[in-house]
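What follows draws every value from the coordinates through simple rules; no lab data is involved. Fair warning: this is a prediction, and the values are worked out from it, not measured in the lab. Cβ atoms come from the backbone with ideal geometry, glycine included; neighbour counts cover every protein chain shown.
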């Protein structure tokens, strides 16, 4: 896609700090990192989100992320790594090209904001109805 910043990064039109590349995937450091080592893993073929990405590209992204997360572990020794993927502007997807965030937490650093939320028990009847509605809609 012509105006997609990630497509331009893949083509080398915009510089990046590449950490991994294969025939289907490109991975690079986020320039607005949540933490040290925050890496983005993207398919080379443009797809906006999880609704659009072909299965083979999704598989390639996640298989590459397994290699990359091991590299993050070996290089930075994090206490954990959050894997985050957003779909649509309603959940703050800013770049409309599918991407998986790998966000390490290094010992002594604050907990990434994507990893903290209050756990509270939900309404079991409402949860059941929602589950049934989603299950019925799956094709």
## Note on the structure
If the chain between residue 29 and residue 127 were fully extended at 0.36 nm per residue, the gain over the current Cα-Cα distance would be 31.5 nm
### Ranking of 1, 96, 124 by count of other Cβ atoms within 10 Å, fewest first
124, 1, 96
### Summary
Matching label for the computed Rg/Rh (Cα atoms, Kirkwood Rh), out of [x] 0.99; [y] 1.10; [z] 1.02, is [z]
### Task
Whole Å is fine, so just give me how far the alpha carbon centre of the stretch 35-50 lies from that of the stretch 61-105.
7 Å
### Task
Please determine, in degrees from 0 to 90 and to the nearest 10, the orientation of helix 124-137 with respect to the longest principal axis defined by the Cα atoms of the chain, where the helix direction is its Cα long axis.
60 degrees
#### Entry: Förster radius 22 Å - calculated FRET efficiency between residue 134 and residue 49 (Cβ-Cβ, nearest 0.05)
0.80
